[in-house]
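Undergrad: Below you will find the structure I want to go over with you.
The values are calculated or read from the model by the stated rules, or taken from the named source; none is laboratory data. All values derive from a computational prediction rather than experimental measurement. Cβ: placed from backbone, ideal geometry, glycine included. Neighbour counts: every protein chain shown.
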Amino acid sequence: MKNWYTRQEVADILGISKATVYHYAKQKKIIKIANPHRLIREVRYKQEEVDALAIERKRHQPLGLRPSTLAKQLGVTPQRIYALIRETTLPVDELPVGDERTIYSIPDETAVWIRQEIERTASVRGTRVEYYDSKFDIVLYQLFRTQQGQEMRVLRNDDQEWGFYLQSRTWIPYTNGIHAYQYEAAYPIHQPNSRVRGYTDFLLPKDMQESFDFLDFVYQVWGIENIRIREQETHIELSIKSGKIVLPIPVPDILTASIIKQFLVLGDVVIEEAEWMLISGYRRTTFDLPNNLLDKLQEISKEKDLSMSEYVEEAIREKFEREEKTE
């Protein structure tokens, strides 16, 4: 009868990475079965030791929601949940995993507060922290390549660590990908910041390769300074600052006019050979406010990382939604 687990089985049972399994074995938390003559190719670990550790971890596992689970329920990114965890003084349980990682467990009281905050502060478009990491200067789904031509895209795992998935399963932290695997960015992601004249909105299905080709094109042409992104379960919401732009690179053949129009959800795009005109789906208007209210509007908008127009739109949408719920 089988009395051992493979490294992948141990990782799945304990909910840790394969790298952490290796460290657990070095620390003698689990026992690696000796294989001096290398008769068996796979590394094996004693079943009883792994099962005992799993029971011990479950006994001390806090009762609550994982940030990734709560994010999925609320339709936001886990990054948004982690940001709120850092803001609140309400209790959040921490469970060390491995040498340096920590798993968070959110009690009911804190989860209720987070839900209320997300409903209160929900914006129409994503904020930069949702899709850009300033420490590594990388953006969500950015394309990287090895010198041999292998392509990988930047992702975040459930613990909001930046990195890459190898063959859709093995997680590679970003620094490992850069130093050990020598992944290199396929293109720059910065352009001069343009004045906001409204946004043109697109919806990119994750099950279409053209969606990611379009993202590659957008990162190179507009840069992260002139877009907003919000990731959802099955699609990516993309907003680009409206206006005319001379294309610095050719449009990939795969991005036909019909594909671009298929992605478009608000506004319009006039496509010419060397330039595009993005037209906002919003009509510009003006209204007068007393100076003290205008100052307060500017202050609140800045705190939320929104323009004043975006904040007013958000407030009006929230009012309409509340009225619809009471009808």
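Undergrad: Determine whether the range 185-204 contains at least one residue that is within 20 Å of N157 (Cα to Cα) and of a type in the set (D, E).
TA: So far as the range 185-204 goes, no, none of its residues is within 20 Å of N157 (Cα to Cα) and of a type in the set (D, E).
Undergrad: Please work out which one of (1) closer than 26 Å to V246 by Cα; (2) assigned to a loop (DSSP other than H, G, I, E, B) is the condition F144 fails and give its number.
TA: The failed condition is (2).
Undergrad: From the list I30, I81, I55, which residue is within 23 Å of the chain's Cα centre (by Cα) and either farther than 22 Å from V129 by Cβ or at pLDDT 75 or above (or both)?
TA: Result: I81 is the single residue among I30, I81, I55 that is within 23 Å of the chain's Cα centre (by Cα) and either farther than 22 Å from V129 by Cβ or at pLDDT 75 or above (or both).
Undergrad: Looking only at the range 165-203, count every residue that is of a type in the set (F, W, Y), assigned to a strand (DSSP E or B) and under 17 Å from N226 (Cα atoms) and tell me the total.
TA: Step one: of the range 165-203, the residues of a type in the set (F, W, Y) are 165, 171, 174, 181, 183, 187, 199, 202.
With assigned to a strand (DSSP E or B) added as a condition, the list becomes 165, 171, 199, 202.
Now drop any that are not under 17 Å from N226 (Cα atoms), which leaves 199, 202.
The total comes to 2.
Undergrad: While we're here: Of (1) buried (at least 17 other Cβ atoms within 10 Å of the Cβ); (2) free of Cβ contacts under 8 Å to residues at least 60 places away in the same chain; (3) among the aliphatic types (A, V, I, L, M), L215 satisfies all except one. Which?
TA: (2)
Undergrad: With the requirement that a residue be in contact with a strand residue (DSSP E or B) (Cβ under 6 Å, 6 or more places away or on another chain), among the hydrophobic types (A, V, I, L, M, F, W, C) and modelled with pLDDT under 90, what does the range 124-170 give you?
TA: L166 - this is the single residue of the range 124-170 that is in contact with a strand residue (DSSP E or B) (Cβ under 6 Å, 6 or more places away or on another chain), among the hydrophobic types (A, V, I, L, M, F, W, C) and modelled with pLDDT under 90.
Undergrad: Would you mind finding the one in I236, I245 that is closer than 22 Å to I138 by Cα and either over 19 Å from the mean Cα position of the chain (by Cα) or buried (at least 18 other Cβ atoms within 10 Å of the Cβ) (or both)?
TA: Exactly one residue qualifies, and that residue is I236.
Undergrad: Criterion first (on the phi < 0 side of the Ramachandran plot, among the aliphatic types (A, V, I, L, M) and touching a residue at least 24 places away in the same chain (Cβ under 8 Å)) does V139 satisfy it?
TA: yes
Undergrad: Let me ask something else. Just a yes or no: is a residue in the range 2-19 at pLDDT 85 or above, in a strand (DSSP E or B) and not β-branched (V, I, T)?
TA: Checking the range 2-19: at least one residue is at pLDDT 85 or above, in a strand (DSSP E or B) and not β-branched (V, I, T).
Undergrad: Given the conditions (1) modelled with pLDDT of 95 or more; (2) more than 19 Å from Y141 (Cα to Cα); (3) among the β-branched types (V, I, T), report the number of the one that T286 does not fulfil.
TA: If we test T286 against (1) modelled with pLDDT of 95 or more; (2) more than 19 Å from Y141 (Cα to Cα); (3) among the β-branched types (V, I, T), just (1) comes out false.
Undergrad: Across the range 186-230, which residue is modelled with the lowest pLDDT among those that are more than 19 Å from G267 (Cα to Cα) and in contact with an Asp or Glu (Cβ under 9 Å, 6 or more places away or on another chain)?
TA: N193
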